[in-house]
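Report on the following structure.
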Amino acid sequence: MSGLRAVVVSADMVTAYGNGMDSCWNNILSGRTAISGLNRFNTKAFQSDYAATIDSLQYHQKDSLVMQMLKPLFDRASVSIPEDAKLILATTKGEIDLLEKNILKGTGETPDCSLTSLLKKVSALTRVKDAGVVVSAACASSSAAVARAAAMIRSKRSDCVLVVACDSVTEFVFSGFSSLMALDKFSARPFDKNRKGLSLGEAAAFVLVMSKTRARQEKREILGEIAGWGLSDDANHMTGPSRESEGLILAIKKALKTAAADKSAIGFISAHGTGTVYNDAMEMKAFHSVFKDKKIPVYSIKGGIGHTMGAAGIIETIIAMKSLREKRIPPTVNLRDTDADARGWVSPEPCPADKRKMALLTNAGFSGINAALVLAE
Amino acid sequence: MAISICGMGWINNEEYGCVMNGMRINYRDSLKGKALSGKEIFSYPVKNFGRLDNISKLTCYAVALALKDAGVKYSMGHKHDIGIISTNKSGSLQSDILYFKDYLDSGRTLSRGNLFIYTLPSSPLGEAAIHFGLQGPLLYVTAPDKPLQAALDTASGMILLDESPAMLAGMAEEDEAVYFVLARSSDSMQHVLCDVTRARAILGKDMIFSKMIKEFSSLKEQRGQE
């Protein structure tokens with residue numbers, strides 16, 4: 001059975017906190033937010049001028065924003081990635097800034113900013129032989145991609161899968177979220193009574209997933225196990241979550257089932273926690289429904305690094321695995337006045353994690369998409 | 001454990017059809033050049049259908065035809081544990097251009113949310129999920145070569161691991177779409193076009209759309225003669 005278990009053996013990220021997992025982890029633990037004034041483009045017409053961006057990125061240059069994030073990430077990491085790894089790329093808008101640039105220039109030419117074009121670049125960067133696939137499931141893209149990687153291991157279609165995820169803050173995306181009135185004017189406050197919306201962020205990250213057997217054979221350090229996963233859809237609304245939460249409940253139940261775990265095995269929850277009124281209420285309703293009266297510690301890192309869209313799930317997977325290893329549950333950054341339905345579940349302070357328990361991770365996205373992962377140490 | 005194709009629906013600029021039912025209708029002729037209204041294909045009207053982008057419209061048409069071909073009934077408010085996976089080569093490019101140019105035309109002050117929502121390649125699937133009540137996994141996948149094969153592989157993998165009892169897998173571009181209904185094979189299954197391995201082999205030939213439909217249709221004819 002251990003050969004069918006999917007474990008993460010390597011991971012790295014770049015977020016608005018800087019390079020690396022430790023930078024993200026330490027900043028979240030300290031409660032500091034990376035969301036600040038946005039000066040990449042004119043925000044005068046928008047709901048907000050705040051986002052969690054990476055200072056060193058240059059807008060509308062030869063390389064897209066996501067490639068500027070991915071290149072240094074893989075310069076650091078390529079030695080640990082086997083060339084026989086299967087490749088999955090998760091993103092929502094990939095290199096959309098290349099299209100923006102061309103339309104703004106008015107050349108009349110459409111650049112190759114397709115997701116498969118980005119996939120080819122990522123394949124070359126990572127030096128894996130596989131041409132790979134792109135998975136796009138709105139803001140659940142990378143948790144869905146991590147789920148696919150674990151499924152490939154469990155079904156023996158591969159014993160090594162590299163999942164790469166990225167998305168960036170562009171005028172295209174920012175204007176869109178603003179038009180949907182989804183942004184907080186300042187910094188997102190997940191699960192807060194006074195939350196007003198999300199803050200966009202950008203990030204790139206990867207996880208290298210292996211069968212436990214291969215990881216042991218190669219004497220790899222195991223960062224955590226993807227024990228279960230569940231994907232579902234609300235089949236209800238294009239941009240808003242179902243108020244009944246039945247889609248997320250279904251995803252959580254599927255994730256527990258594939259992990260062969262009871263809900264009592266869950267020690268904490270890494271929530272999607274965007275800071276929008278409806279998402280956070282929907283999630284809390286799902287958690288109340290699944291866990292009943294037993295209050296499980298819940299946190300969201302989006303008050304720290306913003307909502308990194310297609311990259312959100314992979315960053316949250318890496319942080320939740322770190323939390324399992326460190327036995328510490330991160331705080332919910334920017335939480336001041338906890339909403340009534342989240343009281344006793346979320347905290348503005350870090351707290352100790354139960355040593356023997358697993359983590360539940362949830363994500364949701366436009367089109368009513370839900371993803372849940374069960375993670376173990 | 002094998003996976004079977006138990007329904008296949010398709011549409012292009014001139015025709016639509018259901019492969020197992022042997023239905024093939026030239027709507028360009030029958031509607032005298034008018035656009036499809038949807039009444040011909042859907043069991044009940046798709047809400048705000050006129051506001052959907054092209055790929056979403058074709059996705060809904062092809063899914064309706066595939067479900068009809070598989071004998072799966074749907075109605076308003078009724079939900080099914082069926083997932084949906086799609087692919088294409090263009091992603092959401094036309095919707096991306098439309099949204100951003102519209103935003104620029106407003107002097108970069110006003111963007112339209114109802115155009116923005118179609119700038120995700122998974123959005124056409126969301127429209128289909130809402131109308132047909134699909135509560136299973138929903139994903140867009142693509143690959144440099146044979147993307148429809150990748151969609152079929154992902155869908156069959158999900159059934160094999162019990163992530164969903166049945167899946168829709170297909171492709172939708174601006175001018176053509178095709179969807180397959182996949183389910184676990186069983187002795188009681190009466191309507192089967194072929195197993196997924198055979199379908200994979202056909203898709204592996206990377207044929208143009210009309211040839212692919214013809215090849216699957218000939219499979220049905222061969223089964224009829226058996």
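Computed from the coordinates by the stated procedures, all read-outs in this text should not be read as laboratory data. In this text, all values refer to a predicted model and were calculated from it rather than measured experimentally. When we count neighbours, we look across all protein chains shown, and the Cβ atoms used for this are built from the backbone with ideal geometry, even at glycine.
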How large is log10 of I(q)/I(0) for chain B at q = 0.10, 0.18 Å⁻¹ when the intensity is taken from the Debye formula with one equal scatterer per alpha-carbon?
-0.43, -1.38
Report the relative contact order of the stretch B:1-91, percent, no decimals, based on alpha-carbon pairs under 8 angstrom and at least 6 residues apart.
34 percent
Output the relative contact order of chain A, whole-number percent, from Cα pairs under 8 angstrom with separation of 6+ residues.
25 percent
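If you take each beta carbon of peptide A:169-180 and count the beta carbons of other chains within 10 angstrom, what is the mean?
Counting Cβ atoms of other protein chains within 10 Å of each residue's Cβ and averaging gives 5.
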About its Cα centre, what dipole magnitude does the stretch A:2-217 give when the only charges are +1 on Lys and Arg Cβ and -1 on Asp and Glu Cβ, stated in debye to the nearest 20?
720 debye
May I have the convex hull volume per residue, in Å³, for the Cα set of the stretch A:226-376?
95 Å³
Suppose each label sits 7 Å from its Cα in the direction of the beta carbon; what would the A:Asn26-A:Asp354 distance come out to in nanometres?
3.1 nm
Debye equation applied to the C-alpha atoms of chain A, log10 I(q)/I(0) at 0.07, 0.10 Å⁻¹
-0.27, -0.56
From fewest to most C-beta neighbours within 10 Å, the residues B:Trp10, A:Trp25 line up as A:Trp25, B:Trp10
Treat every Asp and Glu Cβ in chain A as -1 and every Lys and Arg Cβ as +1, leave all other atoms uncharged, and give the resulting dipole magnitude about the Cα centre to the nearest 20 debye.
1000 debye
When the Cα centres of the stretch A:144-188 and the stretch A:278-345 are compared, how far apart do they sit, in Å?
17 Å
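On average over all directions, what projected area in square nanometres does the stretch A:295-347 have, based on the convex hull of its Cα atoms?
About 4.0 nm², averaged over all directions.
Among residues other than A:Gln61 whose Cβ falls under 11 Å from its Cβ, what is the net charge (Lys/Arg +1, Asp/Glu -1)?
That sum, taken over residues with Cβ under 11 Å, equals 0.
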Neighbour counts of other C-beta atoms within 10 Å: give me A:Tyr299, B:Tyr99, B:Tyr74, B:Tyr44 arranged from fewest to most.
B:Tyr44, B:Tyr74, B:Tyr99, A:Tyr299
With 10 angstrom as the radius, rank A:Thr170, A:Thr33 by how many other C-beta atoms surround their C-beta, starting from the fewest.
A:Thr33, A:Thr170
What translational diffusion coefficient, in µm²/s and rounded to a whole number, does the Stokes-Einstein relation yield for the stretch B:121-226 at 20 °C and a viscosity of 1.002 mPa s, taking the hydrodynamic radius as the Kirkwood radius over Cα pairs?
144 µm²/s
In chain A, taking the dipole from +1 charges on Lys and Arg beta carbons and -1 charges on Asp and Glu beta carbons about the Cα centre, the listed residue (A:Ser48, A:Ser264, A:Ile301) farthest towards the positive end is A:Ser264
How large is the direction-averaged shadow of the alpha-carbon convex hull of the stretch B:1-93, in nm²?
7.6 nm²
Trypsin sites (Lys or Arg not before Pro) in the stretch B:125-210 lying in a DSSP loop, each with at most 13 other Cβ atoms within 10 Å of its Cβ, come to B:Lys205
Relative contact order, percent, chain B [alpha-carbon distance under 8 Å, six or more residues apart]:
31 percent
Size of the stretch B:150-209 as Cα extents on the principal axes (Å, biggest first)
35, 21, 17
Where the Cα atoms of the stretch A:1-119 are projected onto their three principal axes, how long is each span, largest first, in whole Å?
55, 40, 25
Under the rule rounded for a/c under 1.5, else prolate if a/b exceeds b/c, else oblate, using alpha carbon gyration tensor axes a ≥ b ≥ c, the stretch A:53-177 is classed as prolate
Kindly express, to the nearest 10 degrees and within the range 0 to 90, the angle between helix B:209-225's C-alpha long axis and the longest C-alpha principal axis of chain B.
30 degrees
A:Gln217 neighbourhood, Cβ < 14 Å, K/R = +1, D/E = -1, net charge +2
Loop-located chymotrypsin sites (Phe, Trp or Tyr not before Pro) in the stretch A:104-180 whose Cβ has at most 16 other Cβ within 10 Å (DSSP):
none
Need one number: nm distance between label points at B:Met23 and A:Lys129, each 7 Å from Cα along Cα→Cβ, rounded to one decimal.
4.7 nm
In degrees between 0 and 90, to the nearest 10, how far off the longest principal axis of chain B does helix B:93-105 point, with axes built from Cα atoms?
10 degrees
Around B:Gly9, with a cut-off of 10 angstrom between Cβ atoms, what is the net charge of the other residues, counting Lys and Arg +1 and Asp and Glu -1?
0
Magnitude of the Cβ-charge dipole of the stretch A:226-376, K/R +1 and D/E -1, about the Cα centre, nearest 20 debye?
620 debye
Binning at 10 Å from 0, report for the stretch A:2-217 what percent of all alpha-carbon pair distances ends up in each bin.
8, 31, 35, 20, 6, 0
